[in-house]
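Below you'll find the structure, written out as structure tokens, and then a few comments.
The values are calculated or read from the model by the stated rules, or taken from the named source; none is laboratory data. Source: prediction; values computed, not measured. Quick reminder, even Gly has a Cβ in these numbers, built from the backbone with ideal geometry, and neighbours come from all protein chains shown.
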Amino acid sequence: MSPERHRLGLYYLLFYDNIGQEEVCAFLRALLRQLRGPLIVLLDNSSTHQGEPIEKLRARHPRLYVEHFPSYSPELNPEEGVWSLSKKELANGCPKDIDELMESIIRVIDGIRRSPAKLRWSILQSELPLFLR
């Protein structure tokens with residue numbers, strides 16, 4: 001029996017400054033509004049991805065499951081593939097200011113988001129166990 005296939009998706013929220021637990025919670029709340037059914041979110045072990053605000057959010061939304069990658073394991077994280085593709089496209093740009101840089105980042109990430117092939121590559125380049133691919 002083969003696993004059910006689902007359409008790949010990339011959801012993101014960009015900030016101009018460093019983020020904390022409240023910004024992570026804002027992103028998770030946006031995902032909960034956007035997506036139906038159980039929501040499994042894989043996060044690295046950053047302190048911004050852990051703590052009381054996130055635990056309270058999980059308690060209020062039982063369909064939200066948060067799993068963390070092992071410490072220091074970027075090779076497992078498909079997000080690294082998205083950033084790798086993004087950096088290749090942004091490498092020779094010369095934005096005049098932070099707003100132009102943000103516009104370029106959004107344009108590039110949206111291009112990846114609309115490309116099933118690029119999304120699939122981002123997952124396949126990771127060392128996730130095969131059952132997650």
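Brief remarks follow.
- Segment 31-82, residues that are at negative phi and of a type in the set (Gly, Ala, Ser): SER46, SER47, ALA59, SER71, SER73, GLY81
- Count of segment 95-125 residues which are closer than 20 Å to GLU75 by Cα and outside any helix (DSSP H, G or I): 1
- Residue in segment 71-79 that is over 16 Å from the mean Cα position of the chain (by Cα) and either farther than 20 Å from LEU8 by Cβ or of a type in the set (S, T, N, Q) (or both) present: yes
- Selected residue (criterion: surrounded by the most Cβ atoms within 10 Å (Cβ to Cβ)) from residues of segment 65-85 that are more than 30 Å from ARG107 (Cβ to Cβ) and either touching a Cys at 6+ places or on another chain (Cβ under 7 Å) or of a type outside the set (Ser, Thr, Tyr) (or both): HIS68
So that you can scan it fast, the table gives a plain yes or no per residue for (1) closer than 16 Å to LEU42 by Cα; (2) not charged (D, E, K, R):
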{"residue": "CYS94", "(1), (2)": "no, yes"}
{"residue": "ILE98", "(1), (2)": "no, yes"}
{"residue": "ARG107", "(1), (2)": "no, no"}
{"residue": "ILE112", "(1), (2)": "no, yes"}
{"residue": "PRO116", "(1), (2)": "no, yes"}
{"residue": "LEU119", "(1), (2)": "yes, yes"}
{"residue": "LEU124", "(1), (2)": "yes, yes"}
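- Residues considered: LEU31, LEU43. Of these, the only one that is outside the structural domain of ILE105 (by TED's automatic domain parsing), surrounded by 13 or more Cβ atoms within 10 Å (Cβ to Cβ), touching a His at 6+ places or on another chain (Cβ under 6 Å) and over 20 Å from ARG107 (Cβ atoms) is LEU43.
- For segment 10-18, the criterion of being within 22 Å of ARG120 (Cα to Cα), of a type in the set (A, V, I, L, M, F, W, C), surrounded by 15 or more Cβ atoms within 10 Å (Cβ to Cβ) and not assigned by TED's automatic domain parsing to the domain that holds ASP110 is satisfied by at least one residue.
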